Amino acid sequence: AQSVSQHNHHVILSEAASLELGCNYSYGGTVNLFWYVQYPGQHLQLLLKYFSGDPLVKGIKGFEAEFIKSKFSFNLRKPSVQWSDTAEYFCAVRGGSQGNLIFGKGTKLSVKP
Amino acid sequence: EAQVTQNPRYLITVTGKKLTVTCSQNMNHEYMSWYRQDPGLGLRQIYYSMNVEVTDKGDVPEGYKVSRKEKRNFPLILESPSPNQTSLYFCASRIVGVSNTEAFFGQGTRLTVV
């Protein structure tokens with residue numbers, strides 16, 4: 001069965017610090033990978049996605065993620081965070097293009113001004 | 001505008017009083033799904049539907065029912081709500097049979113059962 005593991009429950013950073021949020025998944029076949037963001041009181045928004053090709057994908061708001069197949073990982077990065085990045089971040093995996101979307105438990109990011 | 005619409009956005013109800021949360025999409029998507037989001041647990045899938053009249057259980061289906069009589073609608077039914085169903089609920093839809101597509105999410109429904 002598919003599963004997604006996000007290593008950090010809560011990350012606290014100061015503005016301008018670099019961010020890396022870990023995500024590992026368990027699935028034996030082809031996967032589609034996603035990062036979603038949920039700002040306080042709001043719905044999910046797609047940050048970026050990986051389907052195939054270049055393993056380094058760029059998303060909105062300066063975020064990027066790297067798919068490392070050998071490590072079953074899809075970590076999210078941002079070189080310099082802002083206070084407005086305070087939100088909860090969810091990694092999600094879909095087995096192939098037709099499977100169900102399985103989410104990790106989420107990582108809360110708090111950025112201190 | 002392409003969207004997934006959930007109603008209501010907020011609902012407070014009492015234990016045992018049947019309720020329905022509606023979900024409608026205007027993108028002609030075959031696949032629709034319901035998730036619940038709880039602190040520290042992320043989003044967990046309740047039910048999904050691959051097309052009209054085809055529904056399947058997700059990871060946490062107990063206490064919920066769904067129906068898919070029309071392609072655009074996928075209501076979530078709580079026949080006898082209990083306090084442990086207090087949660088934030090999201091509906092999602094996507095196209096089937098096409099590679100490299102993403103799911104579209106509704107705005108969420110915050111349900112409180114007292």
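Some observations on this one:
- A:Gln38 being within 14 Å of chain B (Cβ to nearest Cβ) and either of a type in the set (Val, Ile, Thr) or without any contact (Cβ under 8 Å) to a residue 40 or more places away in the chain (or both): no
- Filtered residues of segment A:75-113 (kept if part of a loop (DSSP other than H, G, I, E, B) and either among the aliphatic types (A, V, I, L, M) or on the phi > 0 side of the Ramachandran plot (or both)): A:Val81, A:Gly96, A:Gly106
- Residue among B:Ile77, B:Ile46 that alone is among the β-branched types (Val, Ile, Thr), under 24 Å from A:Lys105 (Cα atoms) and in a strand (DSSP E or B): B:Ile46
- Qualifying residue in segment A:57-74 (condition: within 14 Å of chain B (Cβ to nearest Cβ) and surrounded by fewer than 16 Cβ atoms within 10 Å (Cβ to Cβ)): yes
- Count of segment B:57-95 residues, restricted to those that are within 14 Å of chain A (Cβ to nearest Cβ) and free of Cβ contacts under 8 Å to residues at least 12 places away in the same chain, is 1.
- Note on segment A:4-74: enclosed strands (runs of 3 or more DSSP E) holding 3 or more residues that are touching a Leu at 6+ places or on another chain (Cβ under 7 Å), modelled with pLDDT of 95 or more and within 23 Å of B:Gln37 (Cα to Cα) are A:31-38.
- Test: residue in segment B:3-19 that is modelled with pLDDT under 95 and either in contact with a Phe, Trp or Tyr (Cβ under 9 Å, 6 or more places away or on another chain) or in a strand (DSSP E or B) (or both): yes
- Residues in segment A:2-13 include at least one that is away from chain B (no Cβ under 14 Å) and surrounded by 14 or more Cβ atoms within 10 Å (Cβ to Cβ).
- Meets criteria (farther than 27 Å from A:Glu88 by Cα, β-branched (Val, Ile, Thr) and modelled with pLDDT of 95 or more) for B:Val60: no
- Residues in segment B:96-114 that are more than 10 Å from every other protein chain (Cβ to nearest Cβ) and either part of a loop (DSSP other than H, G, I, E, B) or of a type outside the set (S, T, N, Q) (or both): 3 in all.
- Filter result for the condition that a residue is more than 11 Å from the chain's Cα centre (by Cα) and buried (at least 18 other Cβ atoms within 10 Å of the Cβ), over A:Gln42, A:Gln38: A:Gln38
- Hits in segment B:96-109 - residues which are over 17 Å from B:Tyr47 (Cα atoms) and either touching a residue at least 12 places away in the same chain (Cβ under 8 Å) or under 10 Å from the mean Cα position of the chain (by Cα) (or both): B:Gly97, B:Gln107
- A:Gly99, sole failed condition from (1) modelled with pLDDT of 95 or more; (2) surrounded by fewer than 18 Cβ atoms within 10 Å (Cβ to Cβ): (1)
- Of residues in segment B:15-46 being closer than 18 Å to A:Leu44 by Cβ and touching an Asp or Glu at 6+ places or on another chain (Cβ under 7 Å), the one surrounded by the fewest Cβ atoms within 10 Å (Cβ to Cβ): B:Arg44
The values are calculated or read from the model by the stated rules, or taken from the named source; none is laboratory data. If you're wondering where the values come from, they're calculated on a predicted model, not measured in any experiment. Counting neighbours? That spans all protein chains shown, and the Cβs are built from the backbone with ideal geometry, glycine included.
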